[in-house]
Amino acid sequence: MYNISNLPDYLKEPLTILSKRYGFSISEQGRTVSFVSISDPFIDITAEEDTVTIMSNHLSGFFRGIGLLIEQEQNGILNFHLHEDCWFDFNGLMIDCSRNGVASIPYIKELIEQLAVMGHTMLMLYMEDVYEVDEEPYFGYMRGRYSKEELKMLDDYAFQFGIELIPCIQTLAHFDQFLSMDTVREEYIDIDNILDVSSPAAQDLLRRMIHSLSSCFRSRRIHIGMDEAYHLGRGRYADKNGLRSKHDIMAEHMDFMLSVCSEYGLRPIVWDDMFVHYQTRFDTGQRPIPEGIDLMYWDYYNNTEEHYEKNLQMRTSLSSHLMFAGGAWKWTGYAPHHSKTFASANAALAVCKRQGIRQVMVTSWADDGCECPISACLFGAVLFAEHQYNETIDIDSFGQRLKFITGLDYETFMKQEEFDIFPSFSNRAVTVTPSKYFFYEDPLCSLFLAQAESIQEDLTTHYQTLSDYFYSKSRDCSSIALRAALNFYGAFGSVMALKWNLGQNIYKAYQQKDTVQLQSIITTQLLPLIPRLELMNEMRRKEWYITNKSFGFEVLDYRIGGLIQRLKTTHTILSSYINGIIPNIPELEETRLSISKFREDGMGELIHFNNAERSKTTNRTGWV
């Protein structure tokens, strides 16, 4: 029980909100809590019988202190002194709202509360086209875009918790969805998903984008993207201006965006790849990033400190304002890869500390349709927070913080990755995605037989055990969002127990002309899979509607619903063959070839293949 009457009024409302989430009481009879704002980067907590004093140089440090206080009390420790140095001045989470899942307002508020208790300083919203822009009704059309009022509301909410809410947008490429609209495409496009940056219309659009966002956020930072524009200047731009160096076009466009941002008092951040990787492959020489722009080195693929040492040093020659972005791996399908998050982040952040990189963040992408529940990002968010306040990470302490902040224990988070990262793996920090491609694999046009045949484990039992585990854990989970995610994983495990080797079993039985076995597969595997898929779809929908706006789920409906229909068609075709109505099944006559040449060290035939549509068929699913 805590007395907050001595605290300034601006802290009382957020503390009241946190008291409901973390189960502590506020009363005039409790221990008196005081906050001392300091200039030095550390948190200091002194808890005595009647008083608690928290010292910090930022508000979220105070809220972290409150969290640590409550955690100690729950462990039976009332009197203690705790001091934590801050290794980073800027640290937080970026959530992807552009790959169909636009995070809902209530869930973003929940994230803000959790980030504050973690001690983070910022939250970034990655929004390619899902925000309101004046006089551009097709921007985010039917995609669940945020209105200006919603963004202002979120900014107000974040501000009271000491969280800097920052827009993360695109101002060069990644306009796939917006440029898919015929009504605007010809006005703005260069090639692919890239704007024609020489076009007055595109420049006017960019100005309106910056104008709109500048009115919604207190922060004077804005991430303007400018990454992965591989064919920049190779389409309409070249038709009008001739073939020019990509680097020259980038430099001119960066100067333009810097001037636009400056008009609104904004300091832009850009991703680093077009100035480093792509430049060194196609252009000669390296030119420094202009003053007034922060360069963000993004890298979540590597696990060694030597790699980050070399790459951070190289980028310091380009920019004196270098930032780092790691990753909370939840973009590989329905299952996150927390071991990869752990290995890559530990290596990268150790080097950031040694090299004095004070601004970092963890990205949480949603590639290929936002299949994974958004709550999986919490693992990486807590990890980055603990790195901010600890020189090294102790796995037990990290697990305790994870459980306190999320309500879910370390073991349960790690179980989520076991749909892909099997218990027998000696190296868990890999990115193979068997649950993704086995889930979507067509039962007749099976493309991943080599992968299925290489597996020595009993995955049927493994997946069913995972299903039982998650259903059991969901019953004791107090978080609505996490409980919905656990129920989804329970349903997903039940599906995978029957689906992972369905294509392999059908193909083998057909090759042996074993109609008895084919009938058994229909009875024991194919038909029982349909109601399990229907339940999985319902569980995924329930979680989605808790954490996201409703827009975008139609894609998963089409994917899962299409799989259900394909199973019904497969049933008809197999039955026709078994009963002699058709002489053969052409799809099962064709010899299987390797679908990907990429192989990760030590993984044999298991591959990283993160594409739902290409996992189903080699035929076209659209015009391109």
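The values are calculated or read from the model by the stated rules, or taken from the named source; none is laboratory data. The structure displayed is predicted, hence computed values, not measured ones. When we count neighbours, we look across all protein chains shown, and the Cβ atoms used for this are built from the backbone with ideal geometry, even at glycine. SASA here: full protein model, heavy atoms, side chains in, ligands and nucleic acids out. Shrake-Rupley method; radii C 1.70, N 1.55, O 1.52, S 1.80 Å.
Things to note:
- Residue in segment 165-186 that is within 25 Å of residue 9 (Cβ to Cβ) and touching a helix residue (DSSP H, G or I) at 6+ places or on another chain (Cβ under 8 Å) present: yes
- Residue count for segment 420-459 under the criterion of being closer than 29 Å to residue 561 by Cβ, assigned to a loop (DSSP other than H, G, I, E, B) and open to solvent by 10 Å² or more (accessible area, probe 1.4 Å): the result is 5.
- In the set (1) open to solvent by less than 90 Å² (accessible area, probe 1.4 Å); (2) under 16 Å from residue 438 (Cβ atoms), the condition left unmet by residue 508 is number (1).
- Within segment 83-100, the set of residues being assigned to a strand (DSSP E or B), surrounded by 15 or more Cβ atoms within 10 Å (Cβ to Cβ) and more than 16 Å from the chain's Cα centre (by Cα) comprises 84, 90.
- Filter pass, residue 602 being assigned to a loop (DSSP other than H, G, I, E, B) and out of contact with any Pro (no Cβ under 8 Å at 6 or more places or on another chain): yes
- Residue ID - most open to solvent (accessible area, probe 1.4 Å), chosen from residues in segment 15-61 that are touching a residue at least 60 places away in the same chain (Cβ under 8 Å) and touching a helix residue (DSSP H, G or I) at 6+ places or on another chain (Cβ under 7 Å): 21
- For residue 105, the conditions (1) open to solvent by 10 Å² or more (accessible area, probe 1.4 Å); (2) among the hydrophobic types (A, V, I, L, M, F, W, C); (3) farther than 16 Å from residue 156 by Cα are fulfilled apart from (3).
- Look at (1) buried (at least 24 other Cβ atoms within 10 Å of the Cβ); (2) more than 26 Å from residue 488 (Cβ to Cβ) and you find that residue 377 fails only one, number (2).
- Test result for residue 607, more than 30 Å from residue 457 (Cα to Cα) and modelled with pLDDT of 95 or more: no
- Annotation note: Cβ proximity below 7 Å between a residue of segment 541-558 that is within 14 Å of residue 143 (Cα to Cα) and a residue that is open to solvent by 40 Å² or more (accessible area, probe 1.4 Å) (sequence gap 6+ or interchain) occurs for 551/142; 553/541.
Residue-by-condition table, conditions (1) open to solvent by 10 Å² or more (accessible area, probe 1.4 Å); (2) within 30 Å of residue 62 (Cβ to Cβ):
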residue	(1), (2)
159	yes, yes
182	yes, no
206	no, no
222	no, yes
229	no, no
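- For segment 56-77, a residue qualifies if it is of a type in the set (A, V, I, L, M, F, W, C), out of contact with any Ser or Thr (no Cβ under 6 Å at 6 or more places or on another chain) and under 19 Å from residue 18 (Cβ atoms), and the qualifying residues are 59, 63, 66, 68, 69, 70.
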